[in-house]
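These notes concern the structure reproduced below.
The values are calculated or read from the model by the stated rules, or taken from the named source; none is laboratory data. Because the structure is predicted, anything quoted here is derived from the model rather than measured. As a convention, Cβ positions derive from the backbone with ideal geometry for all residues, glycine included, and neighbour counts pool all protein chains shown.
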């Protein structure tokens, strides 16, 4: 019997062979291919077995994959393995599985059946040999390798095997399509709105009600601007009208936040979101040097120490080294995280040095601030609940969508979460700009009235950093 029995199956369906890294990345990938079949080589099962131990996200995903397969075997007890397991009989957390394909396993070796098989005992070569055998045994079905390993996809293409990246977790097709958080109005905006616009003031704030003339798809808390004279935020929207609130101006010292003023339009937008008590979730993206961490810390200190809105500031980030790992770090959780918090320390120096104090006063201020800013590791966030906290998640571009979901769902009443990241500096294996957790939350939260996003554009570190970011 053929290792894949396609009798009584959907005509001309494809056979998708999943690489191990796909299941390590997303266990529900087993159910994401609609009416098509899934095939798992024995090498993939062995690699899953080797990676199941540990507390990492990968190990948890592997164990979830194993549980899915085990439950599929249980609900398909009456079927012969070679006939495939019916995926439509299964349910996952998101609801009933909407797919009509089957899950097949490799039940015997293939290399002896091939005219020429790849040499050696590398796992990748074993997977490719298996795919070559399936193509020979089932010439009427298209066989596709799904892998997040670029090198394996290259080798497959050289052998004439169709290979694709796993795209189900892709939030947008292109990063240019991602919600930026702000929009420039047309130059003739006021002329078009002249007879329809309404304006009023309330609680010292200015509001405008404008018509949705061109079917614009504006989102809650999105910023709109025209030149340097008009900056507003979308507060309410309907099918035909938008309510705009004129932004607070943080450009001048008398409106500074912990001594920090906005140096450009996007920084002013960011401070409007960070200082708004009605917004619970803020995402800031942008290149290094655009001021993401500094703005988030300044707003957090003002609202924690001056206004008393939050009990403390919690800062965390994923620990991925740029160079060689320095190995085990002794000490408490906070002491272990300290080497990863260079951005925090750098910005603390800026924030404590804004006012003219002698060294003793600056040292006392620094100690006070450190007592209200807690450094925490992502590894110990699961199961916790944070009440009345101001949480900063730095380097969020290196987190998966599931990791960010785990963190954000830890928030209790009175907690505000700020996600910071640069989508051009992703260091996590198998994550890209379009599959990053930061991209995911920006897209998923854009319609929520208690969230906001800004993409910071201008580097404000120095003329050297500005030139380097443009030319290098």
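Remarks
- Within segment 77-109, being modelled with pLDDT of 80 or more and either crowded, with 19+ Cβ neighbours inside 10 Å or under 29 Å from the mean Cα position of the chain (by Cα) (or both) holds for 84, 85, 87, 101, 102, 103, 104, 105, 106.
- Those helices (runs of 4 or more DSSP H) of segment 123-195 in which at least 1 residues are under 19 Å from residue 431 (Cβ atoms), considering only elements entirely within it, cover 150-158.
- Residue match in segment 353-372 (condition: at negative phi, part of a strand (DSSP E or B), in contact with a strand residue (DSSP E or B) (Cβ under 8 Å, 6 or more places away or on another chain) and at pLDDT 75 or above): no
- The criterion of being in contact with a helix residue (DSSP H, G or I) (Cβ under 8 Å, 6 or more places away or on another chain) and free of Cβ contacts under 8 Å to residues at least 12 places away in the same chain holds for residue 261.
- Candidates 418, 391 - the one that is within 15 Å of residue 442 (Cα to Cα), in contact (Cβ under 8 Å) with a residue 12 or more places away in the chain, assigned by TED's automatic domain parsing to the domain that holds residue 275 and not in a loop (DSSP other than H, G, I, E, B): 418
- Residue that is out of contact with any strand residue (DSSP E or B) (no Cβ under 6 Å at 6 or more places or on another chain), more than 22 Å from residue 267 (Cβ to Cβ), in contact (Cβ under 8 Å) with a residue 12 or more places away in the chain and surrounded by 14 or more Cβ atoms within 10 Å (Cβ to Cβ), where the choices are 209, 192: 192
- Filter result (outside any loop (DSSP other than H, G, I, E, B), at pLDDT 80 or above and surrounded by fewer than 18 Cβ atoms within 10 Å (Cβ to Cβ)) within segment 444-466: 444, 464
- Residues of segment 156-169 that are farther than 30 Å from residue 403 by Cβ and out of contact with any strand residue (DSSP E or B) (no Cβ under 7 Å at 6 or more places or on another chain): 158, 159, 160.
- Against the test of being surrounded by 14 or more Cβ atoms within 10 Å (Cβ to Cβ) and more than 26 Å from the chain's Cα centre (by Cα), the options 246, 234 yield a single qualifying residue, 246.
- Residue match in segment 215-223 (condition: at positive phi and surrounded by 11 or more Cβ atoms within 10 Å (Cβ to Cβ)): yes
- Applying the set (1) free of Cβ contacts under 8 Å to residues at least 60 places away in the same chain; (2) more than 22 Å from the chain's Cα centre (by Cα); (3) surrounded by 22 or more Cβ atoms within 10 Å (Cβ to Cβ) to residue 300 leaves exactly one unmet item: (1).
- Residues of segment 155-176 that turn out to be surrounded by 11 or more Cβ atoms within 10 Å (Cβ to Cβ) and either within 18 Å of residue 28 (Cβ to Cβ) or modelled with pLDDT of 90 or more (or both), as a count: 15
- Filter pass, residue 279 being under 27 Å from the mean Cα position of the chain (by Cα), outside the structural domain of residue 415 (by TED's automatic domain parsing), within 21 Å of residue 448 (Cα to Cα) and at pLDDT 95 or above: no
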